[in-house]
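Down below is the structure, laid out as structure tokens.
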Amino acid sequence: MNAPIGIFDSGIGGLTVANAISGVLPQEQLIYFGDTAHLPYGDKSKELIRHYSEKITDYLIHDKGCKAVVIACNTASSAAYEFLRDKYRGVVPIISVIDPIIEAIVEDDTIHHVGLIATKATISSGVYQEKLQRRKPDIRYAPLATPLLVPMIEEGFHNNNISHALIHNYLQNEALSHIDALILGCTHYIIVRKEIDEFYGGQVKLFDSTHIVANKLKKILEKEGLLSEGRVKNDEFLLSDYTEAFAKTARMFYGHEIKLVRKDIWND
Ligand code: DGL
């Protein structure tokens, strides 16, 4: 089916997911929407995050004709996934970045004690804990809010002494001792995945929302008969607010230059 795939995030971090999707599904047209006018979502209420997420999903489906929507943001997935999935059940598949990670962890018998680092909103939602313990009741779960990582990464601090110090400070937290797996529960953290892996000397399994989610999306499109027969249009990258700083950060998250277009779906 030659319709686009919608992907949205609170800002530009979800471009890490979009990049993985375009690698796994190169023939698909992507429409990315970054809600830069309202970021960060990570310290907003569940009600407000759900309100923004619904508006964006409605726009992607009704105005842009998307055949599937990926919530490429852990915070929005934790606040709005079930609501959006139920609203569009039988109409358009909605994919969160949380459930595919839960599935991968539940299927791995070597994991008994899993840590989660994420924004305050994702941690306080308790969504990861609830989903993990429902599927694997004896798993031990260690959550830690790491709110300074998003601004640190957006300001370009990675692979240097500042990021090293902050990452070590967070990961040395008592809550995360003895874990055998760690969920990188925020789209931005893929940028510092190598530094996190180095901290653990490769001894802790890391799970992030890029390839696991892209492969899950591919399976769903195959199952629903929604794969496109061949690309017909170019990808679109829309932001609800535009600044040069966003353009610079977008390059870092997507891996190469993209054309960003301002689209204010609230007032246009
Ligand atoms: N993209 C968000 C996430 O994955 C983090 C950024 C924000 O707080 O808006 O949770």
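Bear in mind that the values in this text are calculations on the coordinates, not laboratory data. All values derive from a computational prediction rather than experimental measurement. Please note: Cβ atoms are built from the backbone with ideal geometry, for glycine as well, and neighbour counts cover all protein chains shown.
Summary table
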quantity: Additional length obtainable on full extension of the chain from Met1 to Leu227, 0.36 nm per residue less Cα span; calculated: 80.8 nm
quantity: Cα centroid separation, the stretch 117-141 to the stretch 163-242 (Å); calculated: 16
quantity: Between helix 161-171 and the chain: long-axis angle, C-alpha atoms, 0 to 90°, nearest 10; calculated: 70
quantity: Binned Cα-Cα distances of the stretch 179-265, short to long, each 10 Å bin given as a whole percent; calculated: 13, 29, 34, 21, 3
quantity: Fewest-first sequence of Asp58, Asp35, Asp63, Asp208 by Cβ atoms within 10 Å of each Cβ; calculated: Asp63, Asp58, Asp208, Asp35
quantity: Theoretical FRET efficiency, 1/(1+(r/R0)^6), r = Cβ-Cβ of His112 and Asp268, R0 45 Å, to 0.05; calculated: 0.35
quantity: Bins of 10 Å from zero: percent of alpha-carbon pairs in the stretch 18-65; calculated: 22, 41, 32, 5
quantity: Highest-MSF residue in the chain out of Ile179, Ile212, Ile162 [GNM, Cα springs under 10 Å]; calculated: Ile162
quantity: Lysines with Cα under 30 Å of Lys136, excluding same-chain neighbours fewer than 8 positions away; calculated: Lys44, Lys46, Lys87, Lys120, Lys194, Lys205, Lys216, Lys218, Lys219, Lys223
quantity: Choice from Pro147, Pro26, Pro100 showing the highest fluctuation, given a GNM over the chain with Cα pairs closer than 10 Å; calculated: Pro26
quantity: Taking Glu174, Glu195 and counting other C-beta atoms within 10 Å, the order from fewest to most; calculated: Glu174, Glu195
quantity: GNM top mover of Ala76, Ala181, Ala18 - the chain, alpha-carbon springs below 10 Å; calculated: Ala181
quantity: Kirkwood hydrodynamic radius over Cα pairs of the chain, then Stokes diffusion coefficient at 4 °C and 1.567 mPa s, in µm²/s; calculated: 70
quantity: Footprinting exposure proxy for Phe83, Phe237, Phe253, Phe246 (fewest neighbouring C-beta atoms within 10 Å first); calculated: Phe83, Phe246, Phe237, Phe253
quantity: Relative intensity, log₁₀ I(q)/I(0), of the stretch 1-157 from a Debye sum that treats every alpha carbon as a point, q = 0.13, 0.18, 0.19 Å⁻¹; calculated: -0.63, -1.15, -1.25
